[in-house]
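Just so you know, all these numbers are worked out from the coordinates, no wet-lab data involved. Quick caveat: nothing in here was measured; it's all calculated off a predicted structure. Here the Cβ positions follow ideal geometry from the backbone for every residue, glycine too, while neighbour counts run over all protein chains shown.
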Amino acid sequence: MRTLAAVILLFLFFCKFVRRIIVSFHPKMTLTTVFRACMRLLQLRRLPERVTTIYARSFSSEADLKKTPLYEFHKEHGGKMVDFTGWSMPVQYKDGISASHLHTRTNASIFDVSHMVQSRIHGKDAVKFIESLTVGDVAGLQENQGTLTLFTNDRGGIMDDLIVSKTSEGFLYVVTNAGCAEKDIAHMQSQCKEFQAQGHDAAVEVIQEQFGLLALQGPSAAAALQAGVDADLSRITFMCSAVLTVFGVPGCRVTRCGYTGEDGFEVSIPVAQVVQVADSLLQVEAADVKLAGLGPRDSLRLEAGLCLYGNDIDEDTTPVEATLLWTVAKRRRAESNFPGAGVILQQIKDKPSRKRVGITSKGPPARAGTTILSEDGTSIGVVTSGCPSPSLKENVAMGYVQTAFAKAGTPLKLEVRGKQVPAQVSKMPFVPANYYYGK
């Protein structure tokens, strides 16, 4: 183990040296990016992604990290900044994670999600192109309607989860995860080249550097945003969008969605005006709006039963195992023309050997990696996400168990700090969703 640690340390110093050379002509290159490139060069692909990220971050400085348009704004408002997927992001503010979590459930909070990748797919064959990569029925969407879908690989594994909206401007608006940015962009661009070579008309445009992204979440979100727009927001329902002028800033795409289980919006804003919109939201009198960080965002999404890519879903997990079968549209199943269709459709028929479940418990909370045991002490799975629930005052988690133990109410045990903690399988979401579907 010591020898491995020494080799990794030497390798990291080598990466820092390489970065110093590269940064002279590519100033935005992060240490994490260089680290992974050097790994590929030296054929160290088998080192786990989580390990590479942890070791790279241990040698990262604030200067190495990418920054959103709200970076200084966060610091001015007391945000505690941390490294998140190579970005300097606020994990919490002065109120703390639990208070911020509960404020979102009862009022409204602003989350900076500008680190997420925003893209546009153009061309008359744009829908056909995105459907060649995902499991969703994008063709069946109405104008300015979106859907959560999945990039899948040939093994049926989930490469990432994403939101695709069919806009009235004639292009598809796509939002993908920050942690998969390099992989997703490379995948879309390489597949698009092949698609074009077959005579199809499609093009991928990454707009992340031109637009920031704010998530306004909570039961007061609509009242807060309504104060800054002329359009009637009650006409925009869950997963639908419109281009509006927001607090005097034209050309903002407002989508009614989010990652908390609450009503809310994601607002794509020209980079130069992101601070203006965020500050205006904090000043509205119609609602009590506060800034929130990654900490409450994670506990909120877990209470809502929503997956975190890299923890709860990954390239070795299928939509069937992840209980995300609802994302695989009926038409797409019938056509069987998405990546990994053979594996996924066979798994639907045969049933998977494991399933993602919700878990509740008392006592010390289970975290990712905790072993899940049956009542007789047999290992039957592993926790992928877990935390104390500020809303429920008990511990919530999700993880994968053998299918025979996946029924709600099944008693379990969690191996936490060397002790077996009683738990049970619970239905998700743990907290009822409050999405807006119209009056």
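The table below gives the values:
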quantity: Note, ³J(HN,Hα) from phi for region 222-231, Karplus 6.51, -1.76, 1.60, rounded to Hz, x at Gly and Pro; calculated: 5, 5, 5, 6, 4, 5, x, 9, 8, 5
quantity: Fluctuation leader among G86, G305, G418 - the chain, Gaussian network, Cα springs under 10 angstrom; calculated: G418
quantity: For the chain: rounded, prolate or oblate by the Cα gyration tensor [a/c cutoff 1.5]; calculated: rounded
quantity: Euclidean distance between Cα centres, region 170-195 to region 110-164, Å; calculated: 9 Å
quantity: Cut-off under 5 Å, modelled amide H: who pairs with V246 long-range; calculated: C252
quantity: Amide hydrogen neighbours beyond the local backbone of L412, cut-off 5 Å, H modeled; calculated: A423, Q424, V425
quantity: Rough spin-label spacing in nm, given labels placed 7 Å along Cα→Cβ, for Q189 and E143; calculated: 3.2 nm
quantity: Pairwise label distance in nanometres, V82 with A404, each label 7 Å out on the Cα-Cβ vector; calculated: 3.8 nm
quantity: Helix-only CD estimate at 222 nm, as mean residue ellipticity for the chain, using -39500 (n - 2.57) per DSSP H run (n ≥ 4); calculated: -8500 deg cm²/dmol
quantity: Simple spin-label estimate for K362 and D376 in nanometres, 7 Å along Cα-Cβ; calculated: 2.7 nm
quantity: Net lengthening on full extension, Q276/D314 (0.36 nm per residue, minus Cα-Cα); calculated: 10.0 nm
quantity: Listed residues V204, V229, V401, most fluctuating in the chain (Gaussian network, C-alpha, under 10 Å); calculated: V229
quantity: Residues R417, R332, sorted so that the one with the fewest Cβ neighbours within 10 Å comes first; calculated: R417, R332
quantity: Order of L141, L412 under a 10 Å beta carbon neighbour criterion, fewest first; calculated: L141, L412
quantity: Three-way shape label, region 353-432, alpha-carbon gyration tensor, a/c 1.5; calculated: oblate
quantity: For the chain, built as a Gaussian network whose Cα springs stay under 10 Å, the top-fluctuating residue of G358, G342, G79; calculated: G342
quantity: For region 78-89, Karplus couplings with θ = phi - 60° (6.51, -1.76, 1.60), whole Hz, Gly/Pro x; calculated: x, x, 8, 8, 9, 7, 10, 6, x, 10, 7, 10
quantity: Ranked list, fewest to most other Cβ atoms within 10 Å of each Cβ, for L345, L70; calculated: L345, L70
quantity: Normalised convex hull volume, region 171-322, alpha-carbon set, Å³ per residue; calculated: 146 Å³
quantity: Using θ = phi - 60° and Karplus 6.51 cos²θ - 1.76 cosθ + 1.60, couplings along region 167-178 (whole Hz; Gly, Pro as x); calculated: 8, 6, 7, x, 10, 9, 9, 10, 10, 10, 6, 5
